[in-house]
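Below is one structure, written out as structure tokens, with a few remarks after it.
The values are calculated or read from the model by the stated rules, or taken from the named source; none is laboratory data. These numbers come from a predicted model, not from an experiment. So basically every Cβ, Gly included, is an ideal-geometry build from the backbone, and we count neighbours across all protein chains shown.
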Amino acid sequence: MLQNIRLATAEDYPTIMEIWESAVKATHSFLAEEDFNYFKEVIPRDYLPNLEVYLITEDNEPKGFASVAEGNLEMLFIHNDTRGKGYGKTLYQFMKEKTGLTKVDVNEQNPQAIGFYEKMGFKKIGRSEKDSSGKDYPLIHMSL
């Protein structure tokens with residue numbers, strides 16, 4: 001089983017969105033359908049082209065992706081079929097070494113993610129009532 005992490009290209013966007021959709025459906029049950037559809041539209045259009053996105057693959061099968069901007073872990077999603085197998089940790093450690101990230105914002109309604117980042121050494125440092133799109137999903141700000 002060969003694990004690899006590589007920079008994603010525009011050709012990877014459909015795969016990235018497939019991973020995103022499977023992860024979000026499994027962990028973000030609080031997300032309203034209209035907001036889910038909103039993000040599904042804006043992520044490949046407005047976010048991915050402006051971010052360096054890394055894909056983790058095993059035997060050339062994409063398992064997850066992550067992106068960091070200005071020291072903030074913007075995204076880390078693992079396909080629901082492969083959660084709990086260490087891909088998230090491997091990808092996180094790669095991103096940390098590569099970018100020196102120190103911060104992450106996590107949906108307050110996603111306790112699994114908060115637990116994951118606490119295990120990785122993050123501490124809660126603050127909270128916002130709304131997410132970065134101005135929607136009513138409180139964020140927990142975490143820092144190493």
>> Could you go through region 72-88 and let me know if any residue there is within 23 Å of Asn4 (Cα to Cα), touching a Leu at 6+ places or on another chain (Cβ under 6 Å) and either crowded, with 16+ Cβ neighbours inside 10 Å or polar (S, T, N, Q) (or both).
In response: yes
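How about region 125-138: which of its residues are in a strand (DSSP E or B) and within 17 Å of Gly71 (Cβ to Cβ)? Quick ask: steps written out before the conclusion?
Our first condition is that a residue be in a strand (DSSP E or B); within region 125-138, this holds for 125-128.
The answer is Ile125, Gly126.
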>> Cβ-Cβ under 7 Å, sequence separation 6+ or interchain: first residue in region 58-76 and modelled with pLDDT of 95 or more, partner of a type in the set (Asp, Glu) and not in a strand (DSSP E or B). Which pairs?
In response: Ser67/Glu52
>> Which count do you get for residues in region 49-91 that are assigned to a helix (DSSP H, G or I), out of contact with any helix residue (DSSP H, G or I) (no Cβ under 7 Å at 6 or more places or on another chain) and either closer than 18 Å to Asn107 by Cα or among the aliphatic types (A, V, I, L, M) (or both)?
In response: 1
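Looking only at residues that are modelled with pLDDT of 95 or more and touching a helix residue (DSSP H, G or I) at 6+ places or on another chain (Cβ under 8 Å) in region 1-13, which one is surrounded by the fewest Cβ atoms within 10 Å (Cβ to Cβ)? Give the derivation first.
Of the residues in region 1-13, the ones modelled with pLDDT of 95 or more are 4-13.
Within this subset, residues satisfying the condition of being touching a helix residue (DSSP H, G or I) at 6+ places or on another chain (Cβ under 8 Å) are 5, 8, 10, 13.
Details: Ile5: 18, Ala8: 19, Ala10: 10, Tyr13: 17.
Here the answer is Ala10.
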